[in-house]
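Participant: Let me begin by handing over the structure; questions about it come next.
The values are calculated or read from the model by the stated rules, or taken from the named source; none is laboratory data. Note that the structure is predicted; figures quoted are calculated from it, not measured. Virtual Cβ from ideal backbone geometry, glycine too; neighbours counted across all protein chains shown.
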Amino acid sequence: MNIPSPADACPACSAPVGRENPRFPPLQRVTSDCRPWPAGGRLVVCPRCGMVHKPADEAFHAEIDAIYAGYAIYHQSGGAEQRSFDTDSGIQSARSARLIGRLGDALRLPNQGRLLDVGCGNGATLRAFSAIRPGWTSVGTELDDRHRAEVEAIPGASFAAGPLTGIDGRFDLVTLIHVLEHIVEPIDFLRTLAGVIAPGGHLLVEVPHHPDNPFELLIADHRSHFTTATLPFALATAGYEVDIVTDGWISRELSVVARPATGPAALPGVDPDRAAAVIDGSLDWLRRSLGALVALEQADRPLGMFGTAIAGTWLVASSHAAVSFFVDEDPHRVGRSHLGRPILAPAAVPPGSAVFVGLPPQAAAAVAQRLATPTVAWIAPPP
């Protein structure tokens, strides 16, 4: 009998063996900074708590080391933060500004306090927070110093590189914006964070929500893939009480506000069978979407891809279709290039072209309808 190694244990509940999906390893993948990545990963559903995750084996560790060694945040826009879009109207805003605005409304944040942003990148969250609460002081942390100057230029902000153990004091708000999905041992990490949250303080966690965005499963450096069930379960396991769980603050993302529990935290119910069914459906849809893009190549007309983030990157790199340009509504990306192809504004798409909308079905249908013109075919993936 083989004894499972710790690498195969669930990151949320430590169950020793998960249900590995055999349809995942042949799929090409993508990095979280939107670069193509080879096939060969593993995707597992925990039979106890339903957490979808990648086993932390030697291959996974080697891959994330290679990915982070050359990581370039928001390189498609020259470092400018990704925009958050309303797919029906096209109205856009900086993602961090929208998120912090929603948080401020929900918590009625005081005018003064201390903020710790863990995994702060080039300071997008700190910058947005400083704009709405200038009376707060803040600290941004990262693994290295590459963004120190950008962070320290933010009013009231300081920067710390390295582990959390080197940070002094406690904080009224701790933010984890697209960080927890990368952490190899998230429960231990969350327990450590609880020690730096001041009495009455809160933790904000923002992660991708894979049921709304199947492309998220393809990100090679994401260890955990959370849902409205499994993220509260992980937080409760780590000793937190969850106050807010919503997928409505940012499109295709999950926002959770929690605080260290004063007693034993109740574990929410989970459905591992449902989680496995969602993964099967998502992988099937990804394959069908890829096939729909390849079929468009057979038509004698220019072919473009709407979106320069995870979905568009994966579709173009995986299909090997003759996509000759990208289309994006983000003004910071228009005029640049991605995967060696120019990024055009919707109005600049050549007449007679077909543009595949690289988004999940509902969002893609809304964008295709909004951008429809007599001269360009905007094509949504299959439902």
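Participant: Going through L254, L267 one at a time, which residue ends up being over 18 Å from L27 (Cβ atoms) and surrounded by 19 or more Cβ atoms within 10 Å (Cβ to Cβ)?
Facilitator: Only one candidate passes the filter, namely L254.
Participant: Given the structure, is V242 in contact with a strand residue (DSSP E or B) (Cβ under 9 Å, 6 or more places away or on another chain) and either modelled with pLDDT of 95 or more or at negative phi (or both)?
Facilitator: Yes.
Participant: Another question, if that's okay. Name, by its number, the condition in (1) touching a residue at least 40 places away in the same chain (Cβ under 8 Å); (2) buried (at least 19 other Cβ atoms within 10 Å of the Cβ); (3) not in a strand (DSSP E or B) that does not hold for P232.
Facilitator: (1)
Participant: Note down all Cβ pairs under 7 Å where the first residue falls in segment 287-300 and is in contact (Cβ under 8 Å) with a residue 12 or more places away in the chain and in a helix (DSSP H, G or I), the second is among the polar types (S, T, N, Q) and crowded, with 16+ Cβ neighbours inside 10 Å, and they're at least six residues apart or on different chains.
Facilitator: Short answer, once both residue conditions are applied: L290/S318; L290/S319; L293/S319; V294/S319.
Participant: Filter segment 162-184 for residues that are of a type outside the set (V, I, T) and either touching a Gly at 6+ places or on another chain (Cβ under 6 Å) or surrounded by 15 or more Cβ atoms within 10 Å (Cβ to Cβ) (or both) and give the result.
Facilitator: Answer for segment 162-184, where residues must be of a type outside the set (V, I, T) and either touching a Gly at 6+ places or on another chain (Cβ under 6 Å) or surrounded by 15 or more Cβ atoms within 10 Å (Cβ to Cβ) (or both): L164, F171, D172, L173, L176, H178, L180, E181, H182.
Participant: Checking the conditions here, which among D188, D221, D212 is assigned to a helix (DSSP H, G or I) and either of a type outside the set (V, I, T) or under 11 Å from the mean Cα position of the chain (by Cα) (or both)?
Facilitator: Answer to the check: D188.
Participant: Any residue at all in segment 62-79 that is in a loop (DSSP other than H, G, I, E, B), at pLDDT below 90, of a type in the set (A, V, I, L, M) and out of contact with any strand residue (DSSP E or B) (no Cβ under 9 Å at 6 or more places or on another chain)?
Facilitator: Yes, because at least one residue in segment 62-79 is in a loop (DSSP other than H, G, I, E, B), at pLDDT below 90, of a type in the set (A, V, I, L, M) and out of contact with any strand residue (DSSP E or B) (no Cβ under 9 Å at 6 or more places or on another chain).
Participant: Restricting attention to segment 197-228, which residues are under 16 Å from T141 (Cα atoms) and surrounded by fewer than 21 Cβ atoms within 10 Å (Cβ to Cβ)?
Facilitator: Scanning segment 197-228 gives a single hit, I197.
Participant: Filter segment 10-55 down to the residues that are surrounded by fewer than 16 Cβ atoms within 10 Å (Cβ to Cβ), under 18 Å from F215 (Cα atoms) and without any contact (Cβ under 8 Å) to a residue 24 or more places away in the chain and list them by number.
Facilitator: Listed by number, the residues that qualify are P22, P25, P26, P38, A39, G40.
Participant: Moving to a separate point now. Answer yes if at least one residue in segment 131-142 is assigned to a strand (DSSP E or B) and aromatic (F, W, Y), and no otherwise.
Facilitator: no
Participant: Tally up the residues in segment 266-288 that are hydrophobic (A, V, I, L, M, F, W, C), more than 16 Å from P47 (Cα to Cα) and within 23 Å of the chain's Cα centre (by Cα), please.
Facilitator: Qualifying residue count, segment 266-288: 3.
Participant: Against the conditions (1) without any contact (Cβ under 8 Å) to a residue 40 or more places away in the chain; (2) among the charged types (D, E, K, R); (3) over 30 Å from C10 (Cα atoms), where does E329 fall short? Just the number, please.
Facilitator: E329 satisfies every listed condition except (1).
Participant: Pick from segment 321-352 the residues that are of a type outside the set (A, V, I, L, M) and within 15 Å of V367 (Cβ to Cβ): which of them is surrounded by the most Cβ atoms within 10 Å (Cβ to Cβ)?
Facilitator: F326
Participant: Regarding segment 65-83, can at least one residue be identified that is within 28 Å of D284 (Cβ to Cβ) and either touching a residue at least 24 places away in the same chain (Cβ under 8 Å) or touching a Lys or Arg at 6+ places or on another chain (Cβ under 7 Å) (or both)?
Facilitator: So far as segment 65-83 goes, yes, one or more of its residues are within 28 Å of D284 (Cβ to Cβ) and either touching a residue at least 24 places away in the same chain (Cβ under 8 Å) or touching a Lys or Arg at 6+ places or on another chain (Cβ under 7 Å) (or both).
Participant: Can you go through A317, A311, A276 and tell me which one is of a type in the set (G, A, S) and under 21 Å from P383 (Cβ atoms)?
Facilitator: None of the other options fit; the residue is A311.
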